[in-house]
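Each remark here refers to the structure printed beneath this line.
The values are calculated or read from the model by the stated rules, or taken from the named source; none is laboratory data. None of the values given here were measured: they were computed from a predicted structure. Every residue, glycine as well, gets a Cβ built from its backbone with ideal geometry; the counts of neighbours run over all protein chains shown.
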Amino acid sequence: MREIQDINILAIESSCDETAAAVVHNGREVRSNIISSQIDLHKLYGGVVPEIASRKHIEKINQVIEEALKEADTTLDEIDAIGVTYGPGLVGALLVGVAEAKAIAFAKNKPLIGVHHIEGHISANYIEHPDLEPPFLCLVVSGGHTHLVCVKEYGKYEILGGTRDDAVGEAYDKVARTIGLGYPGGPKIERIAREGDPDAIVFPKARIEGSPYDFSFSGLKSAVLNYINGCQMKGQEYNPADIAASFQKAAIDALVEKSMKAVDEFDMYKFAIAGGVASNGALRQAMEEACAKRDMKFYYPSPIFCTDNAAMIGAAAYYEYLAGTRHGWDLNAVPNLKLGER
């Protein structure tokens, strides 16, 4: 008989526009990680269309689960629990994954574990870093989230700060559209920024009175738009690469400054980043340099584990499983689920 720690999780992720399934062994060993992306489809509309995303999840979810089991060389009978993202995210997209997970768990009499999407992103760091254990600080940055989180224990979190308006990834997308790069904006801004001067234009960094760890990127986004409109009104040419580089510098400076302020105040010696924007090379370099100055360890996932994927959900589900978390057949999608809620 296997010991309690020897656990295989079948994980499902469908919170936005990736349909994903994975088999994760003991929370850190990824035996399979299948992702069906819809990016090419949503490019046509300049962003994710929720109804289209939901329909594509329905088409793909059985396929990705079958592929995940096949790649892991396992069967549903050998799976110990089913983990699934149940929030936050697009409600229709979440419902597809939750319904599938509940059906499998019911049919095979397996424990059902609902996972918070942000907890999944944080847990992505466990996959490639065997030495990483709580407590540590983590900056979660993506198209929908900007959170500075204190990871106190596995499954126990304190949100120190978040965005008051746009998430940083959302700001990247909007600025990319403004300068004509299209969707998705993050990789395109990063690429063109390499050709520009980050000091060409001084864009603002928001400071929120009384909330030192909160972020705001709406003003930065508006400053970029105003700069372009001003140039057009005056008949002046502008360099998209300089705009991208200057915007990126302002965004990253804000992320690094607030993160390191938290590191200093809470006397942490481990810092991690997670989420889609965590794959940004300029952000990684800036964070690595800031952590090195403080002689502290810096962790980040590989790009495949930064964007939405099911392996990170499997990692989170494993620690929830050990903590005794179980959900019933009334588990539902919660599009605005707060981190730490059950």
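Part of a loop (DSSP other than H, G, I, E, B) and either modelled with pLDDT under 95 or outside the structural domain of G169 (by TED's automatic domain parsing) (or both): does that describe G340? For G340, the condition - part of a loop (DSSP other than H, G, I, E, B) and either modelled with pLDDT under 95 or outside the structural domain of G169 (by TED's automatic domain parsing) (or both) - is met.
None of E18, E59 is outside the structural domain of G143 (by TED's automatic domain parsing) and loosely packed, with under 15 Cβ neighbours inside 10 Å except E59. Applying the condition of being out of contact with any Phe, Trp or Tyr (no Cβ under 7 Å at 6 or more places or on another chain) and closer than 20 Å to F215 by Cα to the range 262-276 and asking which residue is modelled with the highest pLDDT yields A274. The residue that is surrounded by the most Cβ atoms within 10 Å (Cβ to Cβ), counting only those in the range 21-41 that are at pLDDT below 85 and touching a helix residue (DSSP H, G or I) at 6+ places or on another chain (Cβ under 7 Å), is Q38. Scanning the range 106-123 for residues that are surrounded by 24 or more Cβ atoms within 10 Å (Cβ to Cβ), in a helix (DSSP H, G or I) and of a type outside the set (D, E) turns up H117, I118, G120, H121, I122, S123.
Yes or no, residue by residue, for (1) buried (at least 16 other Cβ atoms within 10 Å of the Cβ); (2) of a type outside the set (D, E); (3) touching a helix residue (DSSP H, G or I) at 6+ places or on another chain (Cβ under 7 Å):
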residue	(1), (2), (3)
V140	yes, yes, yes
Y154	yes, yes, yes
A176	yes, yes, yes
Y213	yes, yes, yes
S216	yes, yes, no
N229	no, yes, no
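On the basis of being closer than 29 Å to T85 by Cα and not assigned by TED's automatic domain parsing to the domain that holds N33, does N239 make the cut? Considered against the rule, which asks whether it is closer than 29 Å to T85 by Cα and not assigned by TED's automatic domain parsing to the domain that holds N33, N239 comes out as no.
The sole residue among E51, E67 that is out of contact with any helix residue (DSSP H, G or I) (no Cβ under 8 Å at 6 or more places or on another chain), touching a residue at least 12 places away in the same chain (Cβ under 8 Å) and not β-branched (V, I, T) is E67.
Among all residue pairs at least 6 apart or on different chains, which show Cβ distances below 7 Å where the first residue, located in the range 205-224, is assigned by TED's automatic domain parsing to the domain that holds E158 and the second is of a type in the set (V, I, T) and in a loop (DSSP other than H, G, I, E, B)? These pairs meet every condition: D214/I208; S216/I208.
Here I79 does not qualify as within 23 Å of V334 (Cβ to Cβ) and either exposed (fewer than 15 other Cβ atoms within 10 Å of the Cβ) or over 20 Å from the mean Cα position of the chain (by Cα) (or both). In the set (1) out of contact with any strand residue (DSSP E or B) (no Cβ under 6 Å at 6 or more places or on another chain); (2) in contact (Cβ under 8 Å) with a residue 60 or more places away in the chain, the condition left unmet by E170 is number (2). Selection within the range 303-320: residues that are at pLDDT 95 or above and in a loop (DSSP other than H, G, I, E, B). The member of this set that is nearest to T85 (Cα to Cα) is A310. Taken together, the residues in the range 302-333 that are closer than 17 Å to I79 by Cα and polar (S, T, N, Q) amount to 1. Being surrounded by 18 or more Cβ atoms within 10 Å (Cβ to Cβ) and over 20 Å from V256 (Cβ atoms) is the requirement here; does I192 meet it? So I192 passes the test. Based on this model, can you work out whether G162 counts as touching an Asp or Glu at 6+ places or on another chain (Cβ under 8 Å) and either within 27 Å of G210 (Cβ to Cβ) or not charged (D, E, K, R) (or both)? For G162, the condition - touching an Asp or Glu at 6+ places or on another chain (Cβ under 8 Å) and either within 27 Å of G210 (Cβ to Cβ) or not charged (D, E, K, R) (or both) - is met.
This table checks each residue for (1) hydrophobic (A, V, I, L, M, F, W, C); (2) free of Cβ contacts under 8 Å to residues at least 40 places away in the same chain; (3) touching a strand residue (DSSP E or B) at 6+ places or on another chain (Cβ under 9 Å); (4) surrounded by 14 or more Cβ atoms within 10 Å (Cβ to Cβ).
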position: D264; (1), (2), (3), (4): no, yes, no, no
position: D267; (1), (2), (3), (4): no, yes, no, no
position: G275; (1), (2), (3), (4): no, no, yes, yes
position: N280; (1), (2), (3), (4): no, no, yes, yes
position: L283; (1), (2), (3), (4): yes, no, yes, yes
position: A286; (1), (2), (3), (4): yes, yes, no, yes
position: A290; (1), (2), (3), (4): yes, yes, yes, yes
position: A316; (1), (2), (3), (4): yes, no, yes, yes
position: E320; (1), (2), (3), (4): no, no, yes, yes
